[in-house]
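Contents: one structure, followed by commentary.
Coordinate-derived values only; no laboratory data. Since we're looking at a predicted model, the values are computed, not measured. For neighbour counting, all protein chains shown are included, and Cβ atoms are generated from backbone atoms with ideal geometry for every residue, glycine included.
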Amino acid sequence: MNSLITAFTQGIIAFTATNIDDIIILLLLFSQIDNNFRRRHILIGQFLGFAAIILLSLPGFFGGLVIQRELIGLLGLLPIVIGIKHLLNREEENTEVQTVNTDFIESSHPNLIFSFLLSILHSNTYKVAAVTVANGGDNISIYIPLFAGQNFASLGIILAVFLGMIGVWCGIAYLLSRQATIGYILSRYGKAIVPFVLIGLGLFIMYERGTFDMIKSVAGIF
């Protein structure tokens, strides 16, 4: 039970730390909503893009099935290095999102299932998914060590948390898109805490996998 609670907590922390900047992109996307570019395109595109990121991160889990757990913990150095890199590079980043345009006009259809299928097939959905994957490329280096060393139950909890947080993230971004002041504060100061969260996550991964004990035992030999 404790391992599942730990997995739940890790999932929330990892998703939040790696997707602070995604809030900014979502804010920009929601500001472009019109008759052709719908909220569902953003939501479905986010799920599709994040699913691709998860698939690219799964080798960490499968590698963890055959590699010693303590050695897997060394992968926790990745988020630590990324966090330190963010601390050393405090230059403001300008997030650019291309305006989504298309000649295909989606019509409202009374059949909800058919309308949902149209949304999946819509080019806007894939453009949002592409932006999500491009922006989340660095997430893979965080998720690989997170997935490694988990059992199937813990991995399921983490993935469920991720999927749930996508919906929460979209909801928050949509509400913030209507509150300019809050959106500005988040975009300006939200990234400041990310390096510390990443470093803490990396240290926790190493601790939870028993890596520190392994390092102590190896150091004791010498």
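This ranking places D138, D21 by how few other beta-carbon atoms lie within 10 Å of each, fewest first, which gives D138, D21.
Only counting other Cβ atoms within 10 Å, I'd like R178, R38, R209 sorted with the fewest neighbours first.
Going from sparsest to densest Cβ surroundings: R178, R38, R209.
Between the alpha-carbon centres of the range 1-51 and the range 138-153 there is a gap of 17 Å. Computed extension length for R178-S123: 17.2 nm, one decimal, from 0.36 nm per residue of separation with the Cα-Cα distance subtracted. Mind giving me the nanometre distance, one decimal, between the label points for I33 and L4, set 7 Å out from Cα along Cα→Cβ? Label-label distance for I33 and L4, simple model: 3.5 nm. Annotation: amide H-H contacts under 5 Å for S177 (H modelled 1.01 Å from N, sequence separation of 5 or more, or interchain): none. Remark: Y174, Y143 ranked as Y174, Y143, counting other beta-carbon atoms within 10 Å and listing the fewest first. Extending 7 Å from Cα along the Cβ direction at L87 and again at F196 yields two label points whose distance is 1.1 nm.
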